[in-house]
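The values are calculated or read from the model by the stated rules, or taken from the named source; none is laboratory data. The model shown is predicted, which means the values in this text are computed figures rather than measured ones. Cβ coordinates were reconstructed from backbone atoms using ideal geometry, including for glycine residues, and neighbour counts include every protein chain displayed. SASA here: full protein model, heavy atoms, side chains in, ligands and nucleic acids out. Shrake-Rupley method; radii C 1.70, N 1.55, O 1.52, S 1.80 Å.
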Amino acid sequence: MKTSPFVIVSTEGMHETAASVLKILAKKYRIQLPHYRVEYEPFANGEVLPHVPVTVRRQHVFLFHPMQLPSPNDAIVKLLLVNDMLMRASVAGITLVLPYIPYLRQDRKHKPRVPISARMLADIIESNRAVERIITVDMHADQEQGFFSIPVDNVQGMHVFVEQFLIQFKKTRENFVVVAPDFGGAVRARRFAKKLGDAPVAIFEKRRPRVNASEVVSIVGEPIEGKTVIICDDMIDTGGTIRGVVSVLKERGAREVFVCATHGIFSGDSLEHFARAQVPVMCSTSIPRSADFVKHTKSWLSMVPIDSLLADAVFQATRVGGSVSHLTH
Ligand code: R5P
């Protein structure tokens, strides 16, 4: 019997994404990969014991794992346990498919006596020598790839959003202005604007007086009065950043406002705020959600699948001479 050199393994929360990626791989690239699901055996004290029911010896594993579920801290420990399990099961190597990676906002010492959590996370993930590559979507900052000493394919989520806008506004050929909600998002907004046919860009200057709070200080770039504005960000967490930007845009006379954010975290009471505001928001499926969540948010939130981007990245990672530059730039 011929065994595939590659196999897809998924953990709870990512089984559907992995299955959908497999379908795309089969349809678009005519490759069929085995798919195994990790099972967790829970212990009374909260520990878990992961187990994969089939041998993966000498196979290269693409491990799909959700890093926000049930919480970032739980997800990190589970990832480390599953990596250890795979290494001890004698896999040939592991490519982690982590559409969202937590802690990446903590990428520098912005005040004394705080950790650089993003760097620490990179160190602990790659301390397992079987981990060879990471496929992710929209890291908080591109340069964080440098925290890892293994290759990171940082796929740009904007590809799926741009597609949606071009379809939606095909007939009207809308004059968009793309807005970055802070200086850190300027590169992402410029890339987005370029794909929309060189749309102009405005950049907001944001201040964080404390954790989980943000204030708009100033705006640089294109005037927004009367314009159709697309705010483009890597994530919505508490929603404070986006809410602040939307209210300034409305004060300044924007005609219509749309929001695109790759990772829809929606902490605290942010869902209620967005439901009240009824500003159209698009997020990707980088953080998997239940059918119930989708149903309750559908009046303002569209979840755009990123499975095809992940499938392309996985496919290219299986090829000698494969290239992901069309996905990462
Ligand atoms: C910040 O630098 C990020 O790009 C996001 O704008 C921010 O993390 C979103 O957080 P929140 O929704 O809590 O304002």
- Task: Report, by residue number, each residue of region 271-294 that is closer than 30 Å to L96 by Cα and either open to solvent by 70 Å² or more (accessible area, probe 1.4 Å) or of a type in the set (S, T, Y) (or both).
- Result: S284, T285, S286, R289, S290, A291, D292
- Give the residues of region 20-42 that are part of a loop (DSSP other than H, G, I, E, B) and open to solvent by 100 Å² or more (accessible area, probe 1.4 Å), sorted by residue number. R30, Q32
- Query: Out of (1) open to solvent by 80 Å² or more (accessible area, probe 1.4 Å); (2) in contact (Cβ under 8 Å) with a residue 24 or more places away in the chain; (3) farther than 18 Å from V9 by Cα, the odd one out for R58 is which?
  - Reply: (3)
- Item | Residue in region 181-194 that is within 30 Å of T318 (Cβ to Cβ), small (G, A, S) and in contact with an Asp or Glu (Cβ under 8 Å, 6 or more places away or on another chain) present | no
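Among R252, R207, which is the only one that is within 12 Å of the ligand (Cβ to nearest atom) and over 26 Å from I287 (Cβ atoms)? Give the steps one after another, and end with the answer.
Working: R252 fails: within 12 Å of the ligand (Cβ to nearest atom).
Sole residue among the options that is within 12 Å of the ligand (Cβ to nearest atom) and over 26 Å from I287 (Cβ atoms): R207.
Consider I265 carefully, then state whether it is in contact with an Asp or Glu (Cβ under 7 Å, 6 or more places away or on another chain) and either β-branched (V, I, T) or closer than 30 Å to T95 by Cα (or both).
yes
Counting only residues that are surrounded by 18 or more Cβ atoms within 10 Å (Cβ to Cβ) and assigned to a strand (DSSP E or B), which one in region 217-232 is nearest to the chain's Cα centre (by Cα)?
My answer is C232.
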- Message: Pairs please, first residue from region 73-89 and surrounded by fewer than 21 Cβ atoms within 10 Å (Cβ to Cβ), second anywhere and part of a helix (DSSP H, G or I) and not polar (S, T, N, Q), Cβ atoms under 9 Å, 6+ apart in sequence or on different chains.
- Response: I76/L121; I76/I124; I76/I125; L80/I124; L80/I125
- Quick one: count up the residues across region 16-31 that are farther than 14 Å from P99 by Cβ and not aliphatic (A, V, I, L, M). 5
- Query: Quick check: anything in region 2-16 open to solvent by less than 50 Å² (accessible area, probe 1.4 Å) and modelled with pLDDT under 95?
  - Reply: yes
- Query: In the list S323, S267, which residue meets the criterion of being closer than 29 Å to H60 by Cα, part of a loop (DSSP other than H, G, I, E, B) and hydroxyl-bearing (S, T, Y)?
  - Reply: S323
- Is there any pair linking a residue in region 198-212 that is assigned by TED's automatic domain parsing to the domain that holds N175 to one that is open to solvent by 100 Å² or more (accessible area, probe 1.4 Å) and outside any strand (DSSP E or B), with Cβ under 6 Å and at least six apart or on different chains, and which? V201/R190
- Query: If I236 satisfies every condition in (1) within 28 Å of V152 (Cα to Cα); (2) open to solvent by less than 10 Å² (accessible area, probe 1.4 Å); (3) in contact with an Asp or Glu (Cβ under 9 Å, 6 or more places away or on another chain) but one, which is the exception?
  - Reply: (3)
- Output the qualifying pairs, or none if there are none: Cβ atoms under 9 angstrom, residues six or more apart or on different chains, first residue in region 219-238 and over 27 Å from S284 (Cα atoms), second residue of a type in the set (K, R) and open to solvent by 10 Å² or more (accessible area, probe 1.4 Å). P223/R252; E225/R252; E225/R255; G226/R255
- Here are some residues: M282, M235. Which one is part of a strand (DSSP E or B) and more than 12 Å from the ligand (Cβ to nearest atom)? M282
- Task: Report those strands (runs of 3 or more DSSP E) wholly inside region 82-187 carrying at least 3 residues which are within 15 Å of the ligand (Cβ to nearest atom) and modelled with pLDDT of 95 or more.
- Result: 176-180
- Message: What pairs come out if I take residues in region 104-124 that are under 22 Å from M235 (Cα atoms) and pair them with residues that are among the aromatic types (F, W, Y) and at pLDDT 95 or above whose C-beta lies under 6 Å away, six or more apart or interchain?
- Response: S117/Y103; A118/Y103; A118/F147; R119/F147; L121/Y103; A122/F147; A122/F148
